[in-house]
Amino acid sequence: MRGRTPLLTASLVATALAVLPGCGSPPALRGAPAASATGPSRDPGEFSREVDVGDGRRLWLSCKGSGAPTVVLESGLHDSSDTWTLTDTRPPVPKAPAVFPGVAAFARVCTYDRPGTVRYTNPPALTTRSTRQSGKRSLGAMADDLDRLLTAAHVPGPYLLVGHSFGGMITRLYAQRHPRKTAGLVFVDAFGTDMQPYFGARWPAYLKLLDNPGTPFDSDPAFEKVDIDGAVGAVRAAKPLPKVPMAVLSKTEPFAAPAGTAKALLAPLERSWPAVQQTLVELGEQTPHLLATGSDHYVQLHDPDLTISAIRLVAGRIRFGR
């Protein structure tokens with residue numbers, strides 16, 4: 001990304017996933033993961049642990065900071081929570097803080113690992129912190145997981161939901177299903193429901209690429225795969241979004257494409273993206289649309305300060321409206 005030299009051990013994953021909205025291993029990442037459950041912490045409310053969500057399953061959750069509304073960070077397709085605790089910046093954007101600790105300075109903030117998502121360890125690996133799942137997952141099941149997790153962990157709501165890429169679809173459906181638990185929304189270069197017409201007959205090929213992007217994990221039954229068409233249908237069939245404060249952050253640079261990616265797939269992807277972002281803006285009233293100038297799809301990594309500022313802005317509007 002941005003022409004930087006990726007970490008050698010992560011380069012295969014990075015180039016294979018970077019083109020896909022909702023997934024990818026960003027190279028040259030700085031910062032540190034959230035503190036472990038057993039590590040020292042100056043914040044008595046800080047924890048990172050596995051939470052029992054029923055049916056013999058556990059999801060890894062990390063929370064930090066204090067103050068309402070509680071901010072929930074939802075990663076993109078195939079991404080673990082690591083994308084909120086790391087940065088990849090260049091001047092004048094500061095290297096620190098990353099989004100997770102930056103938001104913790106003014107609010108309670110939580111993030112978690114969905115099953116089958118990529119940890120940015122050395123070398124990269126699928127998370128072992130959340131119970132493995134196999135097969136394609138529905139958007140409804142993913143939104144249900146989020147609700148069960150927040151309920152089981154006694155995370156206080158209502159929530160300011162922040163979704164990157166496909167994570168925006170998860171937070172969107174959650175808000176439609178749980179309007180009383182939703183205080184606000186921030187979409188970070190988020191996936192939308194109006195992309196298919198731009199692809200035409202190439203849509204099935206794009207969906208296949210999303211599920212099989214060419215990583216070492218593609219053949220692992222636990223690697224996160226999602227029913228995209230079903231997800232679009234679920235959002236369209238659900239009740240309208242609640243009238244809450246929102247913000248949209250969007251990239252200005254092209255998706256980083258791994259070598260060999262067909263231009264026939266890249267061209268409609270780039271054509272569709274501005275329309276997708278505008279549709280998200282139109283979901284709310286007086287929704288600010290912030291352009292992360294010079295950033296590709298990973299706005300939270302390349303412009304963490306801008307992302308933090310957007311979250312702070314929406315949090316302020318939520319508090320003002322109470």
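The values are calculated or read from the model by the stated rules, or taken from the named source; none is laboratory data. Model, not experiment: these values are computed from the prediction. Here Cβ is always computed from backbone atoms with ideal geometry, including for glycine, and neighbour counts include all displayed protein chains.
Return the residues of segment 180-230 that are in contact with a Ser or Thr (Cβ under 7 Å, 6 or more places away or on another chain) and assigned to a helix (DSSP H, G or I); say none if nothing qualifies. Those that are in contact with a Ser or Thr (Cβ under 7 Å, 6 or more places away or on another chain) and assigned to a helix (DSSP H, G or I): 198, 230. Out of 50, 46, one residue alone is acidic (Asp, Glu) and more than 26 Å from residue 314 (Cβ to Cβ). It is 50. Looking across 318, 311, one residue alone is of a type in the set (Val, Ile, Thr), assigned to a helix (DSSP H, G or I), more than 19 Å from the chain's Cα centre (by Cα) and farther than 14 Å from residue 165 by Cα. It is 318.
So, residue 278, is that one modelled with pLDDT of 95 or more, more than 17 Å from the chain's Cα centre (by Cα) and on the phi > 0 side of the Ramachandran plot or not? Let's see the steps before the verdict.
On the way: modelled with pLDDT of 95 or more: yes; more than 17 Å from the chain's Cα centre (by Cα): yes; on the phi > 0 side of the Ramachandran plot: no.
Spelling it out, it is not the case that residue 278 is modelled with pLDDT of 95 or more, more than 17 Å from the chain's Cα centre (by Cα) and on the phi > 0 side of the Ramachandran plot.
Search segment 86-118 for residues being assigned to a loop (DSSP other than H, G, I, E, B) and β-branched (Val, Ile, Thr), and hand back the single one that is farthest from residue 309 (Cα to Cα). Top of the filtered list is 117.
Which residue out of 97, 101, 123 is farther than 16 Å from residue 57 by Cβ and modelled with pLDDT under 95?
The unique qualifying residue is 123.
Candidates 151, 83, 121, 131: the one that is assigned to a helix (DSSP H, G or I) and either within 18 Å of the chain's Cα centre (by Cα) or within 24 Å of residue 214 (Cα to Cα) (or both) is 83. Every condition in (1) over 18 Å from residue 165 (Cα atoms); (2) touching a Ser or Thr at 6+ places or on another chain (Cβ under 8 Å) is met by residue 238 except one, and the failing one is (2). What about residue 171, is it in contact (Cβ under 8 Å) with a residue 60 or more places away in the chain and not aliphatic (A, V, I, L, M)? Considered against the rule, which asks whether it is in contact (Cβ under 8 Å) with a residue 60 or more places away in the chain and not aliphatic (A, V, I, L, M), residue 171 comes out as yes.
Do the conditions hold for residue 53, that is, is it buried (at least 22 other Cβ atoms within 10 Å of the Cβ), of a type in the set (Val, Ile, Thr) and under 19 Å from the mean Cα position of the chain (by Cα)? In short, no. Cβ-Cβ distances below 8 Å connect the following pairs, each with a first residue in segment 295-320 that is within 17 Å of residue 252 (Cα to Cα), a second residue that is in a helix (DSSP H, G or I) and among the aromatic types (Phe, Trp, Tyr), and a separation of six or more residues or different chains: 300/84.
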